[in-house]
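What follows is a set of notes on a single structure, which appears directly below.
The values are calculated or read from the model by the stated rules, or taken from the named source; none is laboratory data. Quick caveat: nothing in here was measured; it's all calculated off a predicted structure. Don't worry about glycine lacking a Cβ; one is built from the backbone with ideal geometry, like all the others, and counts go over all protein chains shown.
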């Protein structure tokens, strides 16, 4: 029993193995004078490298497939979207498909699905429980703190920060849209901050002001790297949050309907980034408006970080850095940014029309993107910055098409004489050369220029 300011905290550990997956239930009950407040459970998933093991009461984690040789990732949820309460377990399964780790999902539904002030206070209790589990694992498996990574969403992000303040030297904490109410603008000791782990990365997806727009997430930069996909306030495919700040308790308890699409996008992006890291390249930029205007493309001289699971592969510079990127409206969310510059060829007289480009690569092809609408003037350069839905890999051809949707007795032909293609993630510029113009709605394949 752990005593903290008059509270009694009783924690029990039970382990079980089922085929190739191992589950560990680490439950804690916080008791007060008026009864039990809530119970939390930590469920561990890890792939087995041995046969099933008989469980004995005195063996605890030693009968499981937990390995001190592997890194351990904790996932702490916050706001619970109805129908998606078990996303931490699903994220663990996603991680296990790509890497050999111990993954522990924290479940504290009764502690978080209550009045917001109580849930915010319960953050400290969850932190004590997770810290106790990490201390237990470090002692039992001779692991150091730098073998642990905590992924926290919403209130769970601040719980992760509190764990880091209790256990110095954690390798990494990932904050997925940390909550604003009671935490935005507070001192570092209250919220997630850079002192809580060696590397702290944060994804902001619902950062509109809470009091006026009911944005649940923080807009404040609190990590070594802070990512603001789509500006960090309103995500594609989501609607503007509706409600009043006085509805917070009802929203948190689930008694009032609330569309948390923007808020939950943070963990959806992270989950996808495990398998498709290159779809989440972050661009350093002073603000979202400059990024939207294309002023921060391509990557700076140093390599761009990847938002999500691979963010820790980036060497953090001194100071707090903000990074921006675009995502799609639905899964798959990842996007691949390019700038294309087309030098048009065609008849000397001007025509009204539309131009489109697409990319073809060894692994896939993109859809068409509108390059220009208006007068087609041969010899002029037309530029477009776009986010492709698929990763085509090495680009083998640029596809050009034009039309004007009217009968033109002159039957003009247009084509891309030259194309300069730049990838946002590696700054490389590739040159393509056209070898003949095409009639309306015919597709011209513009191939790499001869060496």
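Numerical summary
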item	result
Elements of type strands (runs of 3 or more DSSP E) contained in the range 366-420, each with 2 or more residues being surrounded by 15 or more Cβ atoms within 10 Å (Cβ to Cβ) and at pLDDT below 95	none
Count - residues of the range 283-322 that are outside any loop (DSSP other than H, G, I, E, B) and either in contact (Cβ under 8 Å) with a residue 24 or more places away in the chain or not assigned by TED's automatic domain parsing to the domain that holds residue 267 (or both)	10
Filter result for the condition that a residue is free of Cβ contacts under 8 Å to residues at least 24 places away in the same chain and surrounded by fewer than 18 Cβ atoms within 10 Å (Cβ to Cβ), over 195, 246	246
Failed item, numbered, when residue 164 is tested on (1) modelled with pLDDT of 95 or more; (2) over 24 Å from the mean Cα position of the chain (by Cα); (3) crowded, with 17+ Cβ neighbours inside 10 Å	(2)
Some residue of the range 87-97 being more than 20 Å from residue 45 (Cα to Cα) and either under 18 Å from the mean Cα position of the chain (by Cα) or not in a loop (DSSP other than H, G, I, E, B) (or both)	no
Test: residue in the range 132-150 that is closer than 24 Å to residue 228 by Cβ and touching a residue at least 12 places away in the same chain (Cβ under 8 Å)	yes
Criterion (over 16 Å from residue 88 (Cα atoms), outside any loop (DSSP other than H, G, I, E, B) and assigned by TED's automatic domain parsing to the domain that holds residue 245) met by exactly one of 156, 185, 175, 161	161
Residue within the range 216-230 that is more than 19 Å from the chain's Cα centre (by Cα) and more than 18 Å from residue 270 (Cα to Cα) present	no
Failed item, numbered, when residue 136 is tested on (1) crowded, with 20+ Cβ neighbours inside 10 Å; (2) in a helix (DSSP H, G or I)	(1)
Residue, modelled with the lowest pLDDT, within the range 258-286, restricted to residues that are in contact with a strand residue (DSSP E or B) (Cβ under 8 Å, 6 or more places away or on another chain) and surrounded by fewer than 17 Cβ atoms within 10 Å (Cβ to Cβ)	286
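To keep it simple, each residue is scored yes or no on (1) touching a residue at least 40 places away in the same chain (Cβ under 8 Å); (2) in the same structural domain as residue 270 (by TED's automatic domain parsing); (3) within 24 Å of residue 285 (Cβ to Cβ).
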{"site": "345", "(1), (2), (3)": "yes, no, no"}
{"site": "351", "(1), (2), (3)": "yes, no, no"}
{"site": "358", "(1), (2), (3)": "yes, no, no"}
{"site": "363", "(1), (2), (3)": "no, no, no"}
{"site": "375", "(1), (2), (3)": "no, no, no"}
{"site": "381", "(1), (2), (3)": "yes, no, no"}
{"site": "391", "(1), (2), (3)": "yes, no, yes"}
{"site": "398", "(1), (2), (3)": "yes, no, no"}
{"site": "401", "(1), (2), (3)": "yes, no, no"}
